[in-house]
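K.L.:
First, the structure itself, so that you have it in front of you.
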Amino acid sequence: MDKISVIVPCFNEEKVLPAFYRETAKAIEPISGAAFEFIFVNDGSSDHTQEILQTLVYKDNRCKFISFSRNFGKEAAMYAGLKNASGNYCVFMDADLQHPPALLAEMYRVLKTEGYDCCAGFREDRAGEGRLRNALSRCFYKIINKLCDLNMADGAGDYRMMNRMVADSILEFKEYNRYMKGIFSFVGFDTKWIPFRNVERAAGETKWNFGSLFQYAVNGILSFSSAPATLAGTAGGLLLLFTFLTALLLLLTGHGLNGTGLIVCLILFLNAVQLLFLSILGQYISKDYMESKKRPIYIIKKTEGF
Ligand code: UDP
Ligand code: MG
């Protein structure tokens, strides 16, 4: 018999948790061949989330909770949930019913019968989200995929079911600054994407504002790329080119390289050299930073004949 661990990070979700439990319990009822456990991670909520989780644990022995000492963020909550999950399949779900529980049956079927290791939902539209947030997040995915050599779909969230092999691989990433979407993409394995319609959260408010989203985006890029460090190098290179062109122009127009012209060219040149060396330094630091994460060097899917 399979066991599916449903991992739910919760931060101030008193308004939706009862509905989430009701709807999800209803959705998994017809799924045969698998038992379920719910792992709620209370990420330092200051409302009645804790009491609600306590009631759920009393009421339903499939429910468990982990409570953080303060708010550590969704990524930390997901990691804690996964670490404590005992199922041979694990699925991450938001507490606000933006991840339709009806998809659980399909995800399980895909993993069980189609040979995929992971089945991930993606939002086919972004209804119910502000236009600015929409445009900015589109832009972000374009940039991060380019810079980080990742393949993250715009609209791909954290709603995904995976087998034990994928779950264990994700747990091998012990870095503190966790960017789950990047890690999902980084570990590889065969993923099937299934679309779902975006809905507004059932109740309560989103925990993200412009500032935290921006920080999330920067963290995502810095966790997977050293491209920002090469930016200084590119700027230095361009400045160097500009310096030579300026000097050439002065010489060709008969002004000669003396007086103010010479000083300007020297300042430009020195600044360009500084930027280039800054970039070299940045490359070393970023190499060391990536090493310090101690990520797995490779991830094995199958071996035979040993
Ligand atoms: N969440 C969390 N810790 C946080 C912020 C959010 O555990 O610091 C949880 C939240 O309770 C919800 C999920 O992460 O279950 C998604 O959060 P939210 O709905 O606010 O994000 P959005 O859907 O707006 O991206
Ligand atoms: Mg939400």
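The values are calculated or read from the model by the stated rules, or taken from the named source; none is laboratory data. Please read all numbers here as calculations on a predicted model, not as lab measurements. So basically every Cβ, Gly included, is an ideal-geometry build from the backbone, and we count neighbours across all protein chains shown.
K.L.:
Which residue pairs have Cβ atoms closer than 7 Å, lie 6 or more positions apart in sequence or on different chains, and pair a first residue in segment 277-306 that is within 21 Å of T234 (Cα to Cα) with a second residue that is surrounded by 11 or more Cβ atoms within 10 Å (Cβ to Cβ) and of a type in the set (V, I, T)?
P.N.:
S279/T230
K.L.:
Let me ask you something else. So which residues in segment 92-119 are touching a helix residue (DSSP H, G or I) at 6+ places or on another chain (Cβ under 8 Å), more than 16 Å from ligand 2 (Cβ to nearest atom) and of a type in the set (A, V, I, L, M)?
P.N.:
Listed by number, the residues that qualify are A102, L104, A105.
K.L.:
Just to be sure before I move on: is N198 outside any strand (DSSP E or B), closer than 26 Å to Y284 by Cα and at pLDDT 80 or above in the structure I sent? Break it down stepwise before answering.
P.N.:
Values: outside any strand (DSSP E or B): yes; closer than 26 Å to Y284 by Cα: no; at pLDDT 80 or above: yes.
No.
K.L.:
If you don't mind, another one. Report, by residue number, each residue of segment 6-56 that is closer than 15 Å to I66 by Cα, in contact with a Pro (Cβ under 8 Å, 6 or more places away or on another chain) and among the acidic types (D, E).
P.N.:
D43 - this is the single residue of segment 6-56 that is closer than 15 Å to I66 by Cα, in contact with a Pro (Cβ under 8 Å, 6 or more places away or on another chain) and among the acidic types (D, E).
K.L.:
Now a separate question. Given the criterion without any contact (Cβ under 8 Å) to a residue 12 or more places away in the chain and loosely packed, with under 15 Cβ neighbours inside 10 Å, identify the matching residue among R138, R109, R70.
P.N.:
Selected residue: R109, the only one of R138, R109, R70 that is without any contact (Cβ under 8 Å) to a residue 12 or more places away in the chain and loosely packed, with under 15 Cβ neighbours inside 10 Å.
K.L.:
How do the pairs read when you match residues in segment 86-101 that are in the same structural domain as D43 (by TED's automatic domain parsing) with residues anywhere that are basic (K, R) and near ligand 1 (Cβ under 9 Å from one of its atoms), using Cβ under 6 Å and keeping only pairs 6 or more apart or on different chains?
P.N.:
D96/R201; Q98/R201
K.L.:
Within segment 201-241, restricting attention to residues that are away from ligand 2 (no atom under 16 Å from the Cβ), part of a helix (DSSP H, G or I) and of a type in the set (S, T, Y), which residue is modelled with the highest pLDDT?
P.N.:
T234
K.L.:
Give segment 242-293 a look and list any residue that's outside any helix (DSSP H, G or I) and more than 30 Å from S223 (Cβ to Cβ), or say none.
P.N.:
Here is the first cut: in segment 242-293, the residues outside any helix (DSSP H, G or I) are 253-258, 293.
Matches in segment 242-293: T253, G254, H255, G256, L257, N258.
K.L.:
May I ask you to list the residues in segment 81-103 that are surrounded by fewer than 18 Cβ atoms within 10 Å (Cβ to Cβ) and over 17 Å from A25 (Cβ atoms)?
P.N.:
Residues satisfying the conditions are K83, N84, S86, N88.
K.L.:
Say we look at segment 71-128 and pick out the residues that are within 24 Å of E14 (Cβ to Cβ) and of a type in the set (D, E); which of these is farthest from ligand 1 (Cβ to nearest atom)?
P.N.:
It comes out as E75.
K.L.:
Scan (1) over 15 Å from the mean Cα position of the chain (by Cα); (2) within 23 Å of E291 (Cα to Cα); (3) among the charged types (D, E, K, R); (4) within 16 Å of ligand 2 (Cβ to nearest atom) for the single condition K181 breaks and write down its number.
P.N.:
(1)
K.L.:
To continue, here is another question. Do we find that Q54 is farther than 14 Å from S5 by Cβ, more than 24 Å from the chain's Cα centre (by Cα) and free of Cβ contacts under 8 Å to residues at least 12 places away in the same chain in this structure? Lay out the reasoning, then the answer.
P.N.:
Numbers: farther than 14 Å from S5 by Cβ: yes; more than 24 Å from the chain's Cα centre (by Cα): yes; free of Cβ contacts under 8 Å to residues at least 12 places away in the same chain: yes.
Yes: the conditions hold for Q54.
K.L.:
Check off (1) surrounded by 19 or more Cβ atoms within 10 Å (Cβ to Cβ); (2) under 23 Å from K112 (Cβ atoms) for G33 and give me the number that stays unchecked.
P.N.:
Going through (1) surrounded by 19 or more Cβ atoms within 10 Å (Cβ to Cβ); (2) under 23 Å from K112 (Cβ atoms) one by one, G33 breaks only (1).
K.L.:
Identify all residues within segment 196-212 that are exposed (fewer than 12 other Cβ atoms within 10 Å of the Cβ) and either more than 8 Å from ligand 1 (Cβ to nearest atom) or over 14 Å from V16 (Cα atoms) (or both); write none if there are none.
P.N.:
Once the filter is applied, which keeps residues that are exposed (fewer than 12 other Cβ atoms within 10 Å of the Cβ) and either more than 8 Å from ligand 1 (Cβ to nearest atom) or over 14 Å from V16 (Cα atoms) (or both), segment 196-212 yields R197, N209, F210, G211.
K.L.:
Would you tally the residues in segment 189-222 being in contact with a Ser or Thr (Cβ under 8 Å, 6 or more places away or on another chain) and over 18 Å from K74 (Cβ atoms)?
P.N.:
The total comes to 1.
K.L.:
Taking only segment 29-55 into account, find how many residues are part of a helix (DSSP H, G or I) and touching a helix residue (DSSP H, G or I) at 6+ places or on another chain (Cβ under 6 Å). Can you show your working first?
P.N.:
Kept after step one, since they are part of a helix (DSSP H, G or I), are these residues of segment 29-55: 49-55.
Next, only the ones that are touching a helix residue (DSSP H, G or I) at 6+ places or on another chain (Cβ under 6 Å) stay: 52.
So the count comes out to 1.
Per-residue answers, yes or no, for (1) within 25 Å of S137 (Cβ to Cβ); (2) more than 18 Å from the chain's Cα centre (by Cα); (3) of a type in the set (F, W, Y):
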{"position": "E200", "(1), (2), (3)": "yes, yes, no"}
{"position": "G211", "(1), (2), (3)": "yes, no, no"}
{"position": "V218", "(1), (2), (3)": "yes, no, no"}
{"position": "F244", "(1), (2), (3)": "no, yes, yes"}
{"position": "A247", "(1), (2), (3)": "no, yes, no"}
{"position": "G256", "(1), (2), (3)": "no, yes, no"}
{"position": "N271", "(1), (2), (3)": "no, yes, no"}
{"position": "G305", "(1), (2), (3)": "no, yes, no"}
